[in-house]
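I am attaching a structure below and will ask some questions about it afterwards.
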Amino acid sequence: MARVVLAMSGGVDSSVAAHLLLEAGHECIGVFMRHGEESSRVCSSEPGDASPTGDMPQNGTAQGGTGGTLPVLGGLHQTRADHKQGCCTASDAADARRVASKMGIPFYALDLQEDFRRIVDYFVDDYLNGRTPNPCVKCNNWIKFGRLFDYADGVDADFVATGHYARMIQNGSQSELHRGLDSNKDQSYALFGIGAERLNRMLLPVGGFEKPRIREMATELGLGVAGKRDSQEICFVTQGHHSDFVKARRPEMVGATAGEIVTTEGKVVGKHAGYEAFTIGQRKGLGVAMGTPHFVVRIETETNRVVIGHQDALARDGLVANEANWLVDPSTLPEQVGVQIRYNGSPLPARVHVNPDQPDQFEVKFDEPQLAIAPGQAAVVFDKTRVLGGGWIR
C-alpha cells in the first residue's frame, strides 16, 4: 500500500480521485491548498471528525492543534476556516473536508498565500510587457506540483495525486505523461512544466475517464459535489476584466500604457486606455469600427501601439520558445510532432529544432501557417498523446 498526498479542491474531479485512490488500495491524505488573494483560513480534520480542527502530520507523525496556524515543513502552514472570494473559497474547503470525512481519510490545509503572490505578480507583469500570461500553467509548475511535492516529502508520501484530466502511463521503469481520455477536458497541456524526475511519483486517477462518468461516480457515492461547476480559468480575477485587475495591482501604471490603435499599414484609427486590455488574436472590444473584422496582430510596448489587421495578418509559420522543460531527452525528439499553442487547442503538425548548446530554447515550424500565436502562452510538444515537453512562446 502506497501513501499518496492528494490535492483536494472541493470539486468533483479531486473528490472522485480520492475514491479511486482508496479503491486501488492506497493510503490517501487529502490536502487543500489555500492560495487566494485575501487572508483566509481553511480547516483540517482527522477521519470522521466533523469539526474544523485536527492534527497536521509532520514526517509521518502528528502534533495536535485546535486553531491558529501551525508552521509545517519549511513555511507550509495548517490553517482554519474563514472566508475568501473566488476559487479555493471557504465553501470549497468545507466541501473538500466533508468529502474527506465521508471517505475516512485525513484532511489538511496548506497556506500558500505567499507563494501565490508570485503567480499574481507574473500575471500582471506579463500583461504590462505586452504578453498573454497563463497563470494556471505556472500555478501547476510552481505550486501544485512544487510545494505539494515538498509537503509529500515531509510526510513520507510515495506519490502526489491531483484531479487533472491527463494520464500517467508506465513504460518499463519510466512513467510517461499522456493526454487524458476525455479530449474535451484534457489538461495535459497545463502539466508540461513538471520536472521529469517527478513523473514516477505522480498519479492522475481521473485521466482515464470521461467527465460525465466522473460526475456519475460522484452521484453514486453520494459525495454532494456531482453537479458542482468547474472552477473558473483565472481564479484570482473574480470580477471585471483582467485589465482592471492589472491596473488595481499597478496603479502607478494607469495611463502609462495608453496609446494609439493602428492598422498593419500604419494608419491611426483610434486610441486605447492601456494595451494590457488586449491580446493577440482578439477581435471583440477593440473600441474601433472598421467595417470588416479586424484582429489584434501585434502589441508594441515600446510605442504603446496596438496593431490591428485582417485575419490573414495573424498567420505565422513558426515560433520561438524559451524556458523549456523537457520530459524526454530533447535530442531524441521525433522528426514530426504535434505542438499545442493554447489551452483549448489541439496539437498541430510541426517540426521542432532544439539547439544542443541551448536546450532551454527551441524553434517550431508548423506544416501549415497558424493564427494568433501569442507570446507568453505555452507551446507544448506531443508525440501522439505523449507530452514530450514544452516552453513559453517568446
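Is there a residue being under 21 Å from the mean Cα position of the chain (by Cα), modelled with pLDDT of 95 or more and surrounded by fewer than 17 Cβ atoms within 10 Å (Cβ to Cβ) anywhere in region 374-384?
Here is the first cut: in region 374-384, the ones under 21 Å from the mean Cα position of the chain (by Cα) are 374-382.
Those still in the list that are modelled with pLDDT of 95 or more too: 374-382.
If we keep only those that are surrounded by fewer than 17 Cβ atoms within 10 Å (Cβ to Cβ) as well, we get none.
No, region 374-384 has no match at all.
Step by step: first the residues of region 92-109, then only those that are more than 23 Å from the chain's Cα centre (by Cα) and not in a helix (DSSP H, G or I), then the one that is surrounded by the most Cβ atoms within 10 Å (Cβ to Cβ). Which residue is that?
By that ranking, first place goes to 105.
Here's another thing I want to ask about it. Taking residue 340 and the conditions (1) under 15 Å from residue 264 (Cα atoms); (2) outside the structural domain of residue 264 (by TED's automatic domain parsing), which numbered condition does it fall short on, given that it satisfies the others?
Of (1) under 15 Å from residue 264 (Cα atoms); (2) outside the structural domain of residue 264 (by TED's automatic domain parsing), only one is false for residue 340: (1).
Looking at the structure I just gave you, is residue 191 free of Cβ contacts under 8 Å to residues at least 40 places away in the same chain, outside the structural domain of residue 89 (by TED's automatic domain parsing) and either under 23 Å from residue 4 (Cα atoms) or among the aliphatic types (A, V, I, L, M) (or both)? Don't jump to the end; show me each part of the working.
On the way: free of Cβ contacts under 8 Å to residues at least 40 places away in the same chain: no; outside the structural domain of residue 89 (by TED's automatic domain parsing): yes; either under 23 Å from residue 4 (Cα atoms) or among the aliphatic types (A, V, I, L, M) (or both): yes.
No; evaluated as a whole, the condition is false for this residue.
Please state which of the following conditions residue 392 fails to meet, knowing it meets all the rest: (1) under 30 Å from residue 308 (Cβ atoms); (2) part of a loop (DSSP other than H, G, I, E, B); (3) in contact with a strand residue (DSSP E or B) (Cβ under 6 Å, 6 or more places away or on another chain).
Checking residue 392 against (1) under 30 Å from residue 308 (Cβ atoms); (2) part of a loop (DSSP other than H, G, I, E, B); (3) in contact with a strand residue (DSSP E or B) (Cβ under 6 Å, 6 or more places away or on another chain), the one that fails is (2).
Moving on. Residue check, residue 201 against (1) surrounded by fewer than 19 Cβ atoms within 10 Å (Cβ to Cβ); (2) over 23 Å from residue 377 (Cβ atoms); (3) not hydrophobic (A, V, I, L, M, F, W, C), all met but one. Which one?
(1)
Another question about this same structure. Could you tell me which numbered condition residue 193 fails, if it satisfies all but one of (1) closer than 22 Å to residue 31 by Cβ; (2) surrounded by fewer than 22 Cβ atoms within 10 Å (Cβ to Cβ); (3) in contact with a strand residue (DSSP E or B) (Cβ under 6 Å, 6 or more places away or on another chain)?
For residue 193, the failing item is (2).
Does region 229-237 contain any residue that is outside any strand (DSSP E or B) and more than 19 Å from the chain's Cα centre (by Cα)?
Checked region 229-237: no residue is outside any strand (DSSP E or B) and more than 19 Å from the chain's Cα centre (by Cα).
Between a first residue in region 258-275 that is outside the structural domain of residue 303 (by TED's automatic domain parsing) and modelled with pLDDT under 95 and a second residue that is surrounded by fewer than 17 Cβ atoms within 10 Å (Cβ to Cβ) and not polar (S, T, N, Q), which pairs have beta carbons less than 6 Å apart while being 6 or more apart in sequence or on different chains?
Once the first residue is outside the structural domain of residue 303 (by TED's automatic domain parsing) and modelled with pLDDT under 95 and sits in region 258-275, no partner that is surrounded by fewer than 17 Cβ atoms within 10 Å (Cβ to Cβ) and not polar (S, T, N, Q) comes close enough.
With (1) modelled with pLDDT under 95; (2) in a strand (DSSP E or B) as the list, and residue 344 as the residue in question, which single condition is left unmet?
(2)
Let me ask something additional. Do we find that residue 288 is out of contact with any Asp or Glu (no Cβ under 6 Å at 6 or more places or on another chain), under 28 Å from residue 146 (Cα atoms) and assigned to a loop (DSSP other than H, G, I, E, B) in this structure?
When the stated conditions are applied, residue 288 does not pass them.
Which of the strands (runs of 3 or more DSSP E) contained wholly in region 141-188 include at least 2 residues that are farther than 20 Å from residue 378 by Cβ, free of Cβ contacts under 8 Å to residues at least 40 places away in the same chain and not acidic (Asp, Glu)?
166-171, 174-179
Yes or no, residue by residue, for (1) in contact with a helix residue (DSSP H, G or I) (Cβ under 6 Å, 6 or more places away or on another chain); (2) β-branched (Val, Ile, Thr); (3) within 21 Å of residue 373 (Cβ to Cβ):
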{"residue": "270", "(1), (2), (3)": "no, no, no"}
{"residue": "291", "(1), (2), (3)": "no, no, no"}
{"residue": "315", "(1), (2), (3)": "no, no, yes"}
{"residue": "322", "(1), (2), (3)": "no, no, yes"}
{"residue": "325", "(1), (2), (3)": "no, no, yes"}
{"residue": "329", "(1), (2), (3)": "no, no, no"}
{"residue": "332", "(1), (2), (3)": "no, yes, no"}
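Would it be correct to say that residue 359 is touching a helix residue (DSSP H, G or I) at 6+ places or on another chain (Cβ under 7 Å), assigned to a loop (DSSP other than H, G, I, E, B) and not acidic (Asp, Glu)?
On the way: touching a helix residue (DSSP H, G or I) at 6+ places or on another chain (Cβ under 7 Å): yes; assigned to a loop (DSSP other than H, G, I, E, B): yes; not acidic (Asp, Glu): yes.
Answer is yes for this residue.
Now for a different question. Looking at residue 141 and the list (1) in contact with an Asp or Glu (Cβ under 7 Å, 6 or more places away or on another chain); (2) within 30 Å of residue 257 (Cβ to Cβ), which single condition is not satisfied?
(1)
Sticking with this structure for a sec: Out of the residues in region 137-182 that are modelled with pLDDT under 95 and over 20 Å from residue 4 (Cα atoms), which is surrounded by the most Cβ atoms within 10 Å (Cβ to Cβ)?
Residue satisfying both the conditions and the ranking: 139.
The values are calculated or read from the model by the stated rules, or taken from the named source; none is laboratory data. What you are looking at is a predicted structure, and each value in this text was computed from that prediction instead of being measured. Methodologically, a virtual Cβ is constructed for each residue, glycine included, from the backbone with ideal geometry; neighbour enumeration extends over all protein chains shown.
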